Amino acid sequence: GTTYSWSAPTVDTGITGGAASGSYLSAISGTLTNNTNAPLTATYTVTPLSGSCPGATFTVVVTVNPKPEIPVQTATICSSNAFTISPANSGTTIVPTGTNYTWTVADTLVR
């Protein structure tokens, strides 16, 4: 029967969303979005309440990892030449540190 009250989170620049302040609820929930290329945090200060007895205030720190946002990449090369694609952070492109890639080769051979 414990409920929780909290204030809006303190967030790193680059995070949007989150659970606004709430009172006497059984859970804290929200959707946090990280618009950068590095992990960021949101910190909630929470007070539990059991019946009419408040407990000690505590913090909840939520680490929000970035979601890669990489648009279609294209390259034009001459036959038998190598190519390299290196997505980089710019504009709306988000390439988190440590991003790994997998790919398939489409059969686009014109016969």
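So what is the diffusion coefficient of the range 1-51 in µm² per second by Stokes-Einstein at 10 °C and 1.306 mPa s, using a Kirkwood Rh over Cα pairs? Mind showing how you got there, number by number?
On the way: Rh = 11.7 Å.
Value of D from the Cα-based Kirkwood radius: 135 µm²/s.
Using the per-residue mean of other Cβ atoms lying within 10 Å as a proxy for protection, in what order, highest first, do the peptides 14-23, 54-63 fall?
Values: 14-23: 14.5, 54-63: 11.5.
Most protected by this proxy first, the peptides run 14-23, 54-63.
What is the Å³ per residue value for the convex hull set by the Cα atoms of the chain? Present the calculation step by step, with values, prior to reporting the outcome.
On the way: hull volume 16.1 nm³, N = 111.
So the per-residue hull volume is 145 Å³.
Roughly to the nearest percent, how much of the accessible area of the range 32-86 is carbon and sulfur, given a 1.4 Å probe?
Working: 2130 of 3830 Å².
Roughly 56 percent, rounded to a whole number.
Any idea of the accessible area per residue across the chain, 1.4 Å probe, to the nearest Å²?
Working: 8140 Å² over 111 residues.
I get 73 Å² per residue for the chain.
Per residue of the range 51-62, in order, report the coupling 6.51 cos²θ - 1.76 cosθ + 1.60 (Karplus, θ = phi - 60°) as ³J(HN,Hα) in whole Hz, putting x for Gly and Pro.
x, 10, 9, x, x, 5, 5, 9, 10, 10, 9, 10
With θ set to phi - 60°, apply the Karplus curve 6.51 cos²θ - 1.76 cosθ + 1.60 along the range 23-40 and write out the HN-Hα couplings as whole Hz, x wherever there is a Gly or Pro.
Ordered by residue, 3J(HN,Hα) equals 9, 6, 10, 7, 7, 9, 9, x, 10, 9, 10, 9, 9, 10, 10, 9, x, 10 Hz.
Along the range 82-92, what does the Karplus equation 6.51 cos²θ - 1.76 cosθ + 1.60 (θ = phi - 60°) give for ³J(HN,Hα), rounded to whole Hz, x for Gly and Pro?
Computed from phi, the couplings for the range 82-92 are 7, 9, 9, 10, 10, x, 9, 5, 5, x, 9 Hz.
Residues with amide H under 5 Å of Val64's amide H, sequence separation 5 or more or different chain, H placed in the peptide plane at 1.01 Å from N; which?
Leu40, Thr41, Ala42
The values are calculated or read from the model by the stated rules, or taken from the named source; none is laboratory data. Quick caveat: nothing in here was measured; it's all calculated off a predicted structure. Because the Cβ atoms are built from the backbone with ideal geometry, glycine has one as well, and the counts that use them run over all protein chains shown. Each accessible area value is taken on the protein alone, full model and side chains, heavy atoms only, with ligands, DNA and RNA left out. Shrake-Rupley method; radii C 1.70, N 1.55, O 1.52, S 1.80 Å.
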